[in-house]
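Step one of this worksheet: look at the structure below.
The values are calculated or read from the model by the stated rules, or taken from the named source; none is laboratory data. These figures come from a predicted structure and were not determined experimentally. With ideal geometry, Cβ positions are generated from the backbone for all residues, glycine too; neighbour counts draw on all protein chains shown.
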Amino acid sequence: MNRAWSEEQALLRRSLRDYVRDRITPRVLAWEAAGEVPRSLFTDLADLGVLGLRLSPQYGGGGQDFWFTVVLLEELMRCGSIGVPVSVMAHAEFATLLIDRYGSPALRETYVRGAAQGRLIGALGVSEPDAGSDVAALRTRAVRDGDEYVINGSKLYISNGTIADYITLAVRTGGAGARGLSVIVVPAHARGLRRQRLRKLGTHASDTAELFFEDCRVPAANLLGAENEGFGMIMSGFEGERLVLSVMACSHARLMFEQARDWGHQRHAFGHPLLAFQVWQHRLADVLTRIEAAEALTLRGIELYLQGRAAQSEISMAKLFATETARFAASECAQLHGGLGYMEDCLMARLHRDALAMTIGAGSSEIMRELIARTNNLVAQ
Ligand SMILES: Cc1cc2nc3c(=O)[nH]c(=O)nc-3n(C[C@H](O)[C@H](O)[C@H](O)COP(=O)(O)OP(=O)(O)OC[C@H]3O[C@@H](n4cnc5c(N)ncnc54)[C@H](O)[C@@H]3O)c2cc1C
């Protein structure tokens with residue numbers, strides 16, 4: 001994205017670009033086939049000093065602001081497989097920032113340090129079979145029993161679900177609704193936790209799982225903050241998650257635009273390069289215009305977020321518009337590729353299907369519109 005990057009951020013970008021080109025992109029096909037990224041990805045990124053960019057320095061993190069996450073994301077997205085940045089973000093941003101923000105010193109020592117070093121992999125477990133958009137309706141219950149919680153229930157669509165060493169889990173500890181929720185860290189080796197990988201339409205390099213908890217016992221000390229204060233924690237995490245999705249969507253859309261533009265120069269029909277046809281030019285002009293608008297909204301959301309200002313409307317608009325732009329770009333750019341865009345060996349095919357999940361995860365487009373309506377007084381009394 002176009003802004004005045006600091007020298008430190010520019011340096012980080014250069015080293016990441018080389019790393020992604022040489023060490024990630026050539027392996028993406030193997031990871032897509034395996035349905036997961038290898039553990040070495042996390043330790044390699046930790047060695048590069050980019051795994052826990054926003055985690056606290058006293059627990060091994062980088063102590064940086066969100067702009068550094070933007071640089072990391074934009075460069076990881078160049079590998080052409082969304083599953084790679086999804087796995088890294090689910091670990092470092094979604095699962096671990098909450099522990100860093102609300103966990104006890106002992107929890108942070110174990111999980112934040114382990115995460116920053118890439119020794120431990122994290123997952124965030126909120127969604128359930130009967131509660132996705134409606135987080136306050138979640139049912140997985142944790143009951144206090146002495147110095148433990150006993151957890152029963154299940155979670156669905158959890159990124160890093162089977163490869164994770166710990167799950168930052170949203171549970172019900174109180175009555176119905178938002179006020180009865182808590183967040184607890186569940187070690188993956190806890191007895192009573194069973195995991196099953198799900199098959200998906202895209203983002204194949206990212207492991208996505210269903211988790212089952214049957215009398216799963218976890219130390220009470222693994223609770224983040226106080227009992228029944230989890231809803232606010234989950235919501236505070238959503239702001240960063242939605243900006244992560246916005247940045248990913250902008251980068252993804254731009255990559256698809258570049259693929260189509262290059263194909264338009266290369267491919268000839270009726271004696272001309274395809275880009276000689278005005279229809280082609282105008283369709284790509286539309287895609288590019290939306291990308292620029294999505295980036296502007298995303299930059300604005302990030303600025304407000306970093307200033308600590310109320311930004312729910314702007315962040316929701318950024319998430320909505322950027323991810324819908326990625327879908328639009330996917331459809332347009334795939335069409336412009338002709339038959340080639342439908343072939344599995346063409347990068348465009350993967351980019352096309354990978355674009356589809358972004359309007360669902362971290363709050364769907366419909367929920368973003370709900371939030372925009374609510375924060376802009378568009379709801380009739
Ligand atoms: C690839 C992938 C990775 C994911 N990773 C994670 C993860 O790591 N951790 C995690 O906790 N979850 C994860 N999720 C789950 C994701 O957050 C949910 O899928 C999402 O919140 C939507 O919930 P749902 O699927 O239950 O859909 P539902 O809530 O059942 O909604 C179904 C449809 O109805 C619409 N809808 C719902 N409520 C309203 C309303 N009030 N008004 C209008 N329309 C509405 C929705 O927008 C959607 O289109 C992941 C999902 C995917 C696809």
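Looking at the range 354-370, which of its residues are among the hydroxyl-bearing types (Ser, Thr, Tyr) and either near the ligand (Cβ under 8 Å from one of its atoms) or in contact with a strand residue (DSSP E or B) (Cβ under 6 Å, 6 or more places away or on another chain) (or both)?
Passing the criteria: SER364, SER365.
Find the helices (runs of 4 or more DSSP H) located wholly in the range 266-381 whose residues include 1 or more that are at pLDDT below 95, and list them. Quick ask: steps written out before the conclusion?
On the way: elements: 278-306, 312-336, 347-354, 365-375.
Filter on the range 266-381 gives an empty set.
Of everything in the range 154-178 that's surrounded by fewer than 22 Cβ atoms within 10 Å (Cβ to Cβ) and farther than 26 Å from SER40 by Cβ, which residue is farthest from the ligand (Cβ to nearest atom)?
The qualifying residue farthest from the ligand (Cβ to nearest atom) is GLY175.
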Selection from the range 77-116 of residues that are more than 16 Å from ALA221 (Cβ to Cβ) and not in a helix (DSSP H, G or I): GLY80, SER81, ILE82
Total residues in the range 149-175, condition under 18 Å from the mean Cα position of the chain (by Cα) and in a strand (DSSP E or B): 10
Single residue of the range 263-291 satisfying the filter (of a type in the set (D, E, K, R) and free of Cβ contacts under 8 Å to residues at least 60 places away in the same chain) that is surrounded by the most Cβ atoms within 10 Å (Cβ to Cβ): ARG290
Failed item in (1) over 20 Å from SER159 (Cα atoms); (2) free of Cβ contacts under 8 Å to residues at least 40 places away in the same chain; (3) of a type outside the set (Gly, Ala, Ser), with LEU16 passing the rest: (2)
Residues (closer than 17 Å to VAL84 by Cα and within 17 Å of the chain's Cα centre (by Cα)) located in the range 33-66: GLY35, GLU36, VAL37, LEU41, PHE42, LEU45, VAL50, LEU51, GLY52, LEU53
Residue list for the range 100-147, filter: within 15 Å of the ligand (Cβ to nearest atom) and not small (Gly, Ala, Ser): ILE121, LEU124, VAL126, GLU128, PRO129, ASP130, ASP134, VAL135, LEU138, ARG139, THR140
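Residues being in contact (Cβ under 8 Å) with a residue 40 or more places away in the chain and of a type in the set (Gly, Ala, Ser): count how many of those fall in the range 337-381.
Residues meeting the conditions: 8.
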All positions within the range 299-335 that are of a type outside the set (D, E, K, R), more than 13 Å from GLY240 (Cα to Cα) and in contact with a Phe, Trp or Tyr (Cβ under 9 Å, 6 or more places away or on another chain): ALA329, CYS333, ALA334
Test: residue in the range 189-209 that is more than 30 Å from MET317 (Cα to Cα), under 22 Å from the mean Cα position of the chain (by Cα) and crowded, with 17+ Cβ neighbours inside 10 Å: yes
Some residue of the range 36-47 being without any contact (Cβ under 8 Å) to a residue 24 or more places away in the chain, out of contact with any Ser or Thr (no Cβ under 9 Å at 6 or more places or on another chain) and closer than 30 Å to LEU198 by Cα: yes
Selection count where residues are under 13 Å from the mean Cα position of the chain (by Cα) and either β-branched (Val, Ile, Thr) or assigned by TED's automatic domain parsing to the domain that holds HIS204 (or both), scope the range 68-85: 4
Close pairs (8 angstrom Cβ cut-off, 6 or more residues apart or separate chains): on the phi > 0 side of the Ramachandran plot in the range 76-101, at pLDDT 95 or above and more than 10 Å from the ligand (Cβ to nearest atom) anywhere: GLY80/THR25; GLY80/VAL28; GLY80/LEU255; GLY80/LEU347; GLY80/ARG350; GLY80/LEU351
Unique match (being more than 16 Å from the ligand (Cβ to nearest atom), farther than 24 Å from VAL126 by Cα, crowded, with 17+ Cβ neighbours inside 10 Å and assigned by TED's automatic domain parsing to the domain that holds GLY237) among LEU351, LEU306, LEU340, LEU299: LEU299
HIS204 being assigned to a loop (DSSP other than H, G, I, E, B), within 16 Å of the ligand (Cβ to nearest atom) and either outside the structural domain of PRO105 (by TED's automatic domain parsing) or touching a helix residue (DSSP H, G or I) at 6+ places or on another chain (Cβ under 7 Å) (or both): yes
